[in-house]
Amino acid sequence: MTTETDTMALADYLAQGGKLTSPENVPPRYRAELMRLMSSFVDSALAGSAGFADAINKAPGIKERIAASRITLEKADHAERVLALMAEFGTDVSRYNAAHDWAARVGRDEDIGARRHGGDMRLSVFHYPLQGWADAVTMNVLMGTASVIHLEEMALASYSPLAEVLRELLPRERRHLELGLEGLERLVGTARGAVGAALAYWDPKVSQTFGPETSERYDRLRAMGLRHHPNADLRQRWQSAVESHLQGLGLGAP
């Protein structure tokens, strides 16, 4: 039985950078927030993989088709790895993949903001459909940049098993971004207008993945060691990185 004193001691331990290593030493409130973080990651990865799968047949060449196939496969693998951690807390892995339609999307012109939509926990950006190859590549660059920043933040989490898995996945996510940048570079010379339209469409939607400027939930997660940098700081890092990528390709800010 966990006493109030034990709970306070654990809070102090986490606030000082302590780590938890297994489901057995995770208290209920921490567990709830940890499961929410992992569910959002898994659902976003599954929805991202399902959405990008449609882009494979829109690829203009074999190199692009291979890149799209690799991203689609590895996103699903990333979901599986984190889902395995959720299984240690009792999640039924065999039923999870069939629980939602990961390819489901809202209308292209709908605006759902940053809120959750439907029954899963994917980030709101993954509720919007891709529209053609240039759109898919541009979205991959913007969201790929965000994904690296999100994972770098999550890899600092006080739940060590999750942090270790995400550190293993980071090189792949960085490679996905590199593949996107390579594809975008080729598109700049042939479909500059489509790239510009895609940047204008996806930039605000990806920006919303960082959450509100101020957040009580962030304060709660920080106290648990599950977050370390405010939403505004992560968004600024993303904006600076995107600006650098686009300038390197001779493109202006979206």
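The values are calculated or read from the model by the stated rules, or taken from the named source; none is laboratory data. Owing to the predicted nature of the structure, the values given are computational and were not obtained by experimental measurement. Note that we place each Cβ from the backbone using ideal geometry, even for glycine, and neighbour counts take in every protein chain shown. With ligands, DNA and RNA removed, areas are computed over all heavy atoms of the protein, side chains included. Shrake-Rupley method; radii C 1.70, N 1.55, O 1.52, S 1.80 Å.
Values for this structure:
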read-out: Condition met for Ala99 (free of Cβ contacts under 8 Å to residues at least 40 places away in the same chain, under 30 Å from Met224 (Cβ atoms) and touching a helix residue (DSSP H, G or I) at 6+ places or on another chain (Cβ under 8 Å)); value: no
read-out: Residue within region 203-213 that is without any contact (Cβ under 8 Å) to a residue 12 or more places away in the chain and not in a helix (DSSP H, G or I) present; value: no
read-out: Test for Asp54: is it within 25 Å of Thr209 (Cβ to Cβ) and either loosely packed, with under 14 Cβ neighbours inside 10 Å or among the basic types (Lys, Arg) (or both); value: no
read-out: Residue that is modelled with the lowest pLDDT [pool: residues in region 1-43 that are of a type in the set (Phe, Trp, Tyr) and crowded, with 18+ Cβ neighbours inside 10 Å]; value: Tyr30
read-out: Residue in region 68-75 that is over 23 Å from Met121 (Cα atoms), of a type outside the set (Gly, Ala, Ser) and surrounded by 17 or more Cβ atoms within 10 Å (Cβ to Cβ) present; value: no
read-out: Contacts under 8 angstrom Cβ, first residue in region 166-191 being farther than 26 Å from Leu83 by Cα, partner crowded, with 20+ Cβ neighbours inside 10 Å and hydroxyl-bearing (Ser, Thr, Tyr), 6 or more apart; value: Leu184/Thr138; Leu187/Thr138
read-out: Residue that is touching an Asp or Glu at 6+ places or on another chain (Cβ under 7 Å), of a type in the set (Val, Ile, Thr), in a helix (DSSP H, G or I) and modelled with pLDDT of 95 or more, where the choices are Val148, Val137, Val82, Val125; value: Val148
read-out: Residue count, region 203-222 (criterion: more than 19 Å from Arg116 (Cβ to Cβ) and surrounded by 13 or more Cβ atoms within 10 Å (Cβ to Cβ)); value: 2
read-out: Those residues of region 102-115 which are surrounded by 14 or more Cβ atoms within 10 Å (Cβ to Cβ) and within 13 Å of Ala47 (Cα to Cα), in sequence order; value: Trp102, Ala104, Arg105, Val106
read-out: Residue, farthest from the chain's Cα centre (by Cα), within region 21-58, restricted to residues that are hydroxyl-bearing (Ser, Thr, Tyr) and either in a helix (DSSP H, G or I) or under 21 Å from Ala99 (Cα atoms) (or both); value: Tyr30
read-out: Which listed residue, of Ala99, Ala157, is surrounded by 21 or more Cβ atoms within 10 Å (Cβ to Cβ) and not in a helix (DSSP H, G or I); value: Ala157
read-out: Qualifying positions in region 189-200 - open to solvent by 20 Å² or more (accessible area, probe 1.4 Å) and either within 15 Å of His245 (Cα to Cα) or part of a helix (DSSP H, G or I) (or both); value: Arg192, Gly193, Ala194, Gly196, Ala197, Ala200
read-out: Candidates Leu85, Leu46, filtered to the one that is within 19 Å of Ser158 (Cβ to Cβ) and open to solvent by less than 50 Å² (accessible area, probe 1.4 Å); value: Leu85
